Amino acid sequence: DAFGLVREARNRSAGVEPLALEFFDRAALTLARTREAQVPKAAAAIFFEQFLTGIPRETALEGWIQLAERHAAEPGSWLGQGPADQARFRALRHAVPVAINEALSQRGVTKVATDSALPRGATERWLAESRAWLDSQGLEHVAFGHIGDEHLHLNILARDAAQTPLARRAFGE
């Protein structure tokens with residue numbers, strides 16, 4: 001559903017004009033909740049921004065609401081309108097990598113992460129295949145990033161020092 005929303009938003013077929021589209025998987029949202037307890041529990045989330053250049057606020061808002069509803073948005077989804085909300089969302093977006101680093105520091109392991117740049121339309125399959133492979137290896141992982149331009153960060157979180165070589169081999173794969 002999240003990838004469907006992104007595809008439709010990028011095509012502007014819903015009457016929306018995204019400035020930014022950010023993706024957070026379930027693991028990223030779980031980590032974000034360590035910093036903001038009100039983060040909705042969901043399988044994935046899309047953070048979007050839109051400039052209101054010649055579009056009435058209500059029109060843009062209705063377009064995003066309809067788009068979200070078509071793609072199974074949770075009833076508790078957040079909707080921000082204004083600088084304070086924008087600052088809250090951006091702080092939350094930046095809290096995810098901080099929370100990852102803190103978790104790894106507590107485990108005494110180093111970060112192993114990808115910084116992907118994929119052709120348009122390739123990210124959904126790449127992420128599904130990567131997750132399946134990492135799951136088969138018993139490796140915890142977190143995905144988040146700039147889905148609007150197919151640029152995701154897939155972090156592999158070793159549980160301890162003994163699992164770090166496996167995480168590094170997974171990164172190579």
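The values are calculated or read from the model by the stated rules, or taken from the named source; none is laboratory data. Nothing here was measured: the structure is a model prediction, and the numbers come from that model. Because the Cβ atoms are built from the backbone with ideal geometry, glycine has one as well, and the counts that use them run over all protein chains shown. To get the accessible areas, we keep the full protein, side chains included, count just its heavy atoms, and leave off ligands, DNA and RNA. Shrake-Rupley method; radii C 1.70, N 1.55, O 1.52, S 1.80 Å.
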- If Lys and Arg each add +1 and Asp and Glu each add -1, what is the summed charge of the other residues whose beta carbon sits under 9 Å from the beta carbon of Leu92? +3
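Given a Förster distance of 22 Å, report the FRET efficiency between Arg168 and Val98 from their Cβ-Cβ distance, rounded to the nearest 0.05.
With a Förster radius of 22 Å, E is 0.50.
When every alpha-carbon pair in segment 100-164 is counted, what percent end up more than 19 Å apart? Walk me through the numbers on the way to the answer.
Details: 720 of 2080 pairs.
Every Cα pair in segment 100-164 considered, those over 19 Å come to 35 percent.
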- Check: C-alpha center segment 59-80 vs C-alpha center segment 89-165, spacing in Å is 26 Å
- Message: Out of the total accessible area of segment 21-118 (probe 1.4 Å, heavy atoms of protein only), what percent is carbon and sulfur?
- Response: 53 percent
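Do the sum for the chain: with -39,500 (n - 2.57) for every DSSP H run of n ≥ 4, divided by all residues, what is the mean residue ellipticity at 222 nm, to the nearest 500 deg cm²/dmol?
Details: 6 runs with 78 residues, N = 173.
The per-residue figure over the chain is -14500 deg cm²/dmol.
So which trypsin sites (Lys or Arg not before Pro) in segment 49-131 end up in coil per DSSP with only 10 or fewer other C-beta atoms within 10 Å? Numbers along the way, then the final one.
On the way: sites: Arg57, Arg70, Arg88, Arg90, Arg93, Arg107, Lys111, Arg120, Arg125, Arg131; in loops: Lys111, Arg120.
Here the trypsin sites (Lys or Arg not before Pro) that fit, given the DSSP loop and packing criteria, are Arg120.
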- Note on the structure: Taking the dipole of the chain about the Cα centre (Lys, Arg +1; Asp, Glu -1; charges at Cβ), the one of Ile147, Ile55, Ala95 that reaches farthest to the positive side is Ala95
- Label points 7 Å out from Cα along the Cβ direction at Glu140 and Arg70: separation in nm? 3.8 nm
- GNM top mover of Ile156, Ile100, Ile65 - the chain, alpha-carbon springs below 10 Å: Ile65
- Note on the structure: Residue-ordered couplings for segment 90-105, obtained by feeding phi - 60° into the Karplus form 6.51 cos²θ - 1.76 cosθ + 1.60 and rounding to whole Hz (Gly and Pro as x), are 5, 4, 5, 4, 7, 6, 4, x, 5, 5, 4, 4, 5, 4, 5, 4
- Within segment 1-61, chymotrypsin sites (Phe, Trp or Tyr not before Pro) in DSSP loop having at most 14 other beta-carbon neighbours inside 10 Å: Phe51
- Dipole of the chain, positive direction: furthest Cα of Ala73, Gly138, Ala45, with charges on the beta-carbon: Gly138
- Hey, what's the chain come to in accessible area per residue, 1.4 Å probe, Å²? 55 Å²
- Note, ³J(HN,Hα) from phi for segment 123-132, Karplus 6.51, -1.76, 1.60, rounded to Hz, x at Gly and Pro: 5, 4, 5, 4, 5, 4, 5, 5, 4, 4
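If you put +1 on each Lys and Arg Cβ and -1 on each Asp and Glu Cβ, how big is the dipole of the chain around its Cα centre, in Debye rounded to 20? If you can, show how the numbers build up before the last one.
On the way: 20 positive and 22 negative charges, 78 e Å.
Here the size comes out at about 380 debye.
Which value, in debye to the nearest 20, gives the size of the charge dipole of segment 6-52 about its Cα centre, when Lys and Arg are +1 and Asp and Glu are -1 at the Cβ?
Working: 7 positive and 6 negative charges, 37 e Å.
Taking the Cα centre of segment 6-52 as origin, the dipole is about 180 debye.
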- Query: Counting only residues 5 or more places away or on other chains, whose amide H sits under 5 Å from the amide H of Thr114 once H atoms are built in the peptide plane?
  - Reply: Leu154, Asn155, Ile156
